[in-house]
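The values are calculated or read from the model by the stated rules, or taken from the named source; none is laboratory data. Owing to the predicted nature of the structure, the values given are computational and were not obtained by experimental measurement. Neighbour counts run over all protein chains shown; Cβ positions are idealised from the backbone, glycine included. Each accessible area value is taken on the protein alone, full model and side chains, heavy atoms only, with ligands, DNA and RNA left out. Shrake-Rupley method; radii C 1.70, N 1.55, O 1.52, S 1.80 Å.
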Amino acid sequence: MPVKDYLVDAPCWIDLTSSDPGRVIPFYESLFGWHADVSDDPEYGGYTTFLRDGVSIAGLGGQMPGTTVTDVWNTYIASDDAEATVAKVTEAGGQVLFPPMQVGDQGKLSLVVDAGGAVTGIWEAGQHRGYGTWGEHGAPVWHEQFTHDYAAVLPFYESVFGWTYGTLGDSDEFRYSQGIVGGDMVAGIMDGARILPEGTPSQWRCYFGVDDTDAAVDKVVELGGTLVDTPEDSPFGRVAGVTDPLGARFQIASIVQSA
């Protein structure tokens, strides 16, 4: 089982803000083989942790303070000092939806909007250090942002998190950079100005690994989800875009085996 190291300034956790958690829990359990562990501690407001083989994969909760949207997957970036990171966010042209908040002994949480308008979570780890598995079926394999303001977003993440970049494309048809932390590629940023439908905000998308993309798409539809982007081959595996039964968007990608 590939273990995900906790890397400060890189994505470390994902969770789903859902308008009806009870409806989508069976969907994700059936699709990815997850087990939903619903907290009975009132301090955590019924927050659900999805586990796979006993390892934390993702979270599920109700609407977050300061937000007006539900049925969306959220990406959290690790920080060793949430207050200092949030201060950098405002200096770099972002906005704070809610300031750092202690979550029991688990860690400290904040939610911000980056310079391109995408909601981004900040997580300072305590007992909870994020997802523990990476790069296999039913686990995250990549984080990617589609942004309306590519020119503003690159310097934002460089300033706040110290990202450097590798460029995959720099044309009007395909403009894409990969954020790098400590020599590791940690996320992608896509110029979405010509891709995102009108009225759709800048957004993070998480890719979950699957053994067979086409079979996973069939199962999504069977379970009440929707196919958004038909499967296609890429250098990073066979990928597709789907939603859960309530419209939360995510990507699936076949696992690419290392040589």
Task: Additional length obtainable on full extension of the chain from TYR165 to VAL96, 0.36 nm per residue less Cα span - done: 22.4 nm
- [ ] Calculate one ³J(HN,Hα) per residue across segment 126-139 by plugging θ = phi - 60° into the Karplus curve 6.51 cos²θ - 1.76 cosθ + 1.60, and present them in order as whole Hz with x for glycine and proline.
- [x] x, 6, 9, 10, x, 6, x, 10, 8, x, 9, 4, x, 10
Task: the chain: calculated mean residue ellipticity at 222 nm from DSSP helix runs of at least 4, using -39500 (n - 2.57) - done: -5000 deg cm²/dmol
TODO: Would you pull out the residues with amide H under 5 Å of TRP142's amide H, same chain only if 5 or more places away, H placed 1.01 Å from N?
DONE: TYR207
Task: Carbon + sulfur, % of accessible area of segment 168-216 - ligands and nucleic acids excluded, 1.4 Å - done: 47 percent
Task: segment 46-99 versus segment 210-234: alpha-carbon centroid distance in Å - done: 27 Å
- [ ] Using the Cα centre as the reference, give the magnitude of the dipole from point charges on the C-beta atoms of the chain (Lys, Arg: +1; Asp, Glu: -1; all else neutral), rounded to the nearest 20 debye.
- [x] 120 debye
Task: Accessible heavy-atom area order of ASP37, ASP9, ASP233, highest first, probe of 1.4 Å - done: ASP233, ASP37, ASP9
Task: Segment ASP80-ASP37, extension gain: residue separation times 0.36 nm, minus the distance between their alpha carbons - done: 12.8 nm
Open item on the list: For PHE98, what residues show an amide H to amide H distance below 5 Å, using hydrogens built from the backbone and excluding near sequence neighbours?
Closed with: LEU111
Open item on the list: Below 8 Å, C-alpha to C-alpha, sequence gap of six or more: please give me the relative contact order for segment 88-185 in percent.
Closed with: 19 percent
Task: Label-point separation in nm, VAL256 to TYR6, each point 7 Å along Cα→Cβ - done: 2.9 nm
Task: Area of ILE122 that stays accessible when all protein chains are in place (1.4 Å probe, Å², to 10) - done: 0 Å²
Task: Karplus 3J(HN,Hα) series, Hz, for segment 200-216 with 6.51 cos²θ - 1.76 cosθ + 1.60 (x for Gly, Pro) - done: 8, x, 4, 7, 8, 10, 9, 9, 9, x, 9, 6, 8, 4, 5, 5, 5
Task: ILE180-ILE195 pseudo-label distance in nm [points 7 Å out on the Cα-to-Cβ vector] - done: 2.1 nm
- [ ] Kindly write out, for segment 19-33 in residue order, the coupling ³J(HN,Hα) from the Karplus curve 6.51 cos²θ - 1.76 cosθ + 1.60 (θ = phi - 60°), rounded to whole Hz, with x marking Gly and Pro.
- [x] 6, 8, x, x, 7, 8, 4, x, 4, 6, 4, 6, 6, 10, x
TODO: Mind checking which of PRO197, MET185, GLY162 is farthest towards the positive end of segment 152-232's charge dipole, using Cβ charges of +1 (Lys, Arg) and -1 (Asp, Glu) about the Cα centre?
DONE: GLY162
- [ ] Principal axes first, then extents: for the Cα atoms of the chain, list largest minus smallest coordinate on each axis, whole Å, largest first.
- [x] 48, 46, 40
Task: Environment charge of GLY182, counting only residues whose C-beta is closer than 11 Å and scoring Lys/Arg +1, Asp/Glu -1 - done: -3
Open item on the list: Taking amide H atoms as placed 1.01 Å from N in the peptide plane, list the residues 5 or more away in sequence, or in a different chain, whose amide H sits under 5 Å from that of VAL228.
Closed with: GLY241, VAL242, THR243
